[in-house]
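Undergrad: Pasting a structure below so you can have a look.
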């Protein structure tokens, strides 16, 4: 190859964009799928919180409740989580009353997808939320989000959201049969 041919080849810029694209395309595709996964995970996290808030809101509006009514409220959590699968969705709603400055009593606790009822020692209630004799409805939602890209991400993210609401019409909401 002559020196003139090498100079001509070096000055030829045709195909430069294709080479740049070849270098950048994998990185851009990786960023795109990373953002898709981040958005999906964030949406699952927000829906987990929304499900906890809705359960607490619906239970706190009642004067009294039953396990059947609470099961109907838990079914709303499944609807809120759509289009995500609900096999790993766990919910718990409890009524907790403050007995003294440092003592709380669990009036009742109902669960869906889990067996552990709320224990008074595990009720993480802000200290200034209740006066003695007042109660609060605590709704907890647990969700295991499974990434669609398990080869590139850890695979499972554990989300937990809690909502606290005071009963609206009575001091303590009784649950018959709980």
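Undergrad: Just wondering, is there one or more residues in segment 89-106 that are within 21 Å of the chain's Cα centre (by Cα), touching a residue at least 60 places away in the same chain (Cβ under 8 Å) and within 15 Å of residue 141 (Cβ to Cβ)?
TA: Taking segment 89-106 and keeping what is within 21 Å of the chain's Cα centre (by Cα), we get 89-94.
This time we only want the ones that are touching a residue at least 60 places away in the same chain (Cβ under 8 Å), so: none.
No, that holds for no residue.
Undergrad: Separate question: Please enumerate the residues belonging to segment 80-91 that are in contact with a helix residue (DSSP H, G or I) (Cβ under 9 Å, 6 or more places away or on another chain) and in a strand (DSSP E or B). Please lay out each step first, then the result.
TA: Here is the first cut: in segment 80-91, the ones in contact with a helix residue (DSSP H, G or I) (Cβ under 9 Å, 6 or more places away or on another chain) are 80-82, 84, 86, 89, 91.
Of everything in segment 80-91, just one residue is in contact with a helix residue (DSSP H, G or I) (Cβ under 9 Å, 6 or more places away or on another chain) and in a strand (DSSP E or B), namely 91.
Undergrad: Could you please let me know if residue 91 is at pLDDT 95 or above and either over 29 Å from residue 178 (Cβ atoms) or in contact with a strand residue (DSSP E or B) (Cβ under 6 Å, 6 or more places away or on another chain) (or both)?
TA: Details: at pLDDT 95 or above: yes; either over 29 Å from residue 178 (Cβ atoms) or in contact with a strand residue (DSSP E or B) (Cβ under 6 Å, 6 or more places away or on another chain) (or both): yes.
Here the answer is yes, as residue 91 does meet what is asked.
Undergrad: Could I ask something else about it? Suppose we keep only residues that are in a helix (DSSP H, G or I) and crowded, with 20+ Cβ neighbours inside 10 Å within segment 64-79. Which one would you say is modelled with the lowest pLDDT?
TA: Here is the first cut: in segment 64-79, the residues in a helix (DSSP H, G or I) are 67-79.
Now narrow it down to the ones that are crowded, with 20+ Cβ neighbours inside 10 Å: 70, 73-74, 77.
Working: 70: 95, 73: 94, 74: 94, 77: 90.
This residue is 77.
Undergrad: Let me ask you something else. Condition first: surrounded by fewer than 15 Cβ atoms within 10 Å (Cβ to Cβ) and part of a helix (DSSP H, G or I). Now tell me which residues in segment 41-63 satisfy that. Give the derivation first.
TA: Applying the first criterion (surrounded by fewer than 15 Cβ atoms within 10 Å (Cβ to Cβ)) to segment 41-63 yields 42-43, 46, 61, 63.
Across segment 41-63, the qualifying residues are 42, 43, 46.
The values are calculated or read from the model by the stated rules, or taken from the named source; none is laboratory data. What you see is a predicted model; the values in this text were computed from it and never measured. All Cβ positions, even for glycine, are placed from backbone atoms using ideal geometry, and neighbour counts span all protein chains on display.
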